[in-house]
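Each remark here refers to the structure printed beneath this line.
The values are calculated or read from the model by the stated rules, or taken from the named source; none is laboratory data. In this text, all values refer to a predicted model and were calculated from it rather than measured experimentally. Glycine gets a Cβ as well: all are built from the backbone with ideal geometry, and neighbour counts include every protein chain shown.
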Amino acid sequence: MRLFEAIIDANHRAVAGDASAGLHPAEFADALPIVALTCVDPRLNAFFPNALALPAEEFIWLRNAGNIITSTLSSTMRSLALACAVKGGREIAIIGHTDCQVAKTTTTVLLDKLKALGVERSALPENVNDFFGTFGSERQNVIKACALARNSPLIGPKIPVHGLLLDLETGKLEWVVNGYETLQASVPPTLPKMDFAALGTTGSFKDFVMGEMKFPETKIGEAAISAKDWLSKEAGKIEAKMDLPKVAPVAESVASVASQVAAVAEKNWPKPPLKVPPSPLPPIKRKNPLPPPIRPRADLRRD
């Protein structure tokens, strides 16, 4: 069982009335201390770090109004990063709570309250909501803050970022964002390693069978570069970059394969069709003219 799995389990058992519910911090020394961001609401003072079953020395407590994170490079993110880098925080928990007054404060009400304190609207940024990070749902605010923290370049990829919601009536913790799952999902898959050392031995290409090469059956066209010319150019580039005294056997193998490929390509690669000049048309044979039509001759004889 990992640290926050044990914390949530102990919290739920304690809320259910189990007097023996608790945590043994020594069993999770590799995951402590934790860094927690909560709201400034004074009602939270009685809950932390007791609700997490942690001693005070393993609990680094950061607070702002509404446990809000506005961007991946905000001042709050800077504090979280320093708490991990300087104070040794191993895991982060962003903890919201029910009945949050920030969530209940609309933009109009906020502007009125600020004006009552002598802050004019002209002194505030154009987009007040973005600047103060106001929100309407405590749960969604925790989810958003966790996403920003998880994607912040200031937070190392090995640090889980959890999201919790505390019920002020009961003290029960709801696990909104499981930082172990999001951490695992954010790790890019690793590509299999290739054994390049095997290419450095003489005879690495001895099993290369030229007959197994397949060439395209489509016509390439007159503008295509022949395989032989291409291989010659590429071999020249490789030779220019290689330390020939150290890799002479490999170079000879490569040159041998290139020569074989060129020979097979010359033999099997489709050639563009030859241009055949059109054959001259045969001379027109004139037919003998038709004889003139026979016209009846008038009979001039008289009876």
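Summary of computed values
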quantity: Residues of the stretch 144-166 satisfying the condition of being surrounded by 15 or more Cβ atoms within 10 Å (Cβ to Cβ) and out of contact with any helix residue (DSSP H, G or I) (no Cβ under 8 Å at 6 or more places or on another chain); calculated: 144, 145, 147
quantity: Cβ-Cβ under 6 Å pairs, at least 6 apart or on other chains, the stretch 119-146 side in the same structural domain as residue 180 (by TED's automatic domain parsing), far side aromatic (Phe, Trp, Tyr); calculated: 125/131; 141/135
quantity: Residue check, residue 23 among the hydrophobic types (A, V, I, L, M, F, W, C) and free of Cβ contacts under 8 Å to residues at least 24 places away in the same chain; calculated: no
quantity: Total residues in the stretch 54-100, condition over 15 Å from residue 152 (Cβ atoms) and either part of a loop (DSSP other than H, G, I, E, B) or not assigned by TED's automatic domain parsing to the domain that holds residue 36 (or both); calculated: 13
quantity: Some residue of the stretch 35-53 being assigned to a strand (DSSP E or B) and charged (D, E, K, R); calculated: no
quantity: Residue within the stretch 89-100 that is on the phi < 0 side of the Ramachandran plot and without any contact (Cβ under 8 Å) to a residue 24 or more places away in the chain present; calculated: no
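Yes/no per residue for (1) closer than 15 Å to residue 6 by Cα; (2) surrounded by 15 or more Cβ atoms within 10 Å (Cβ to Cβ); (3) in contact with a His (Cβ under 9 Å, 6 or more places away or on another chain):
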| residue | (1), (2), (3) |
| --- | --- |
| 21 | yes, yes, yes |
| 26 | yes, no, no |
| 30 | yes, no, no |
| 36 | no, yes, no |
| 39 | no, yes, yes |
| 44 | no, yes, yes |
| 51 | yes, yes, no |
| 57 | no, no, no |
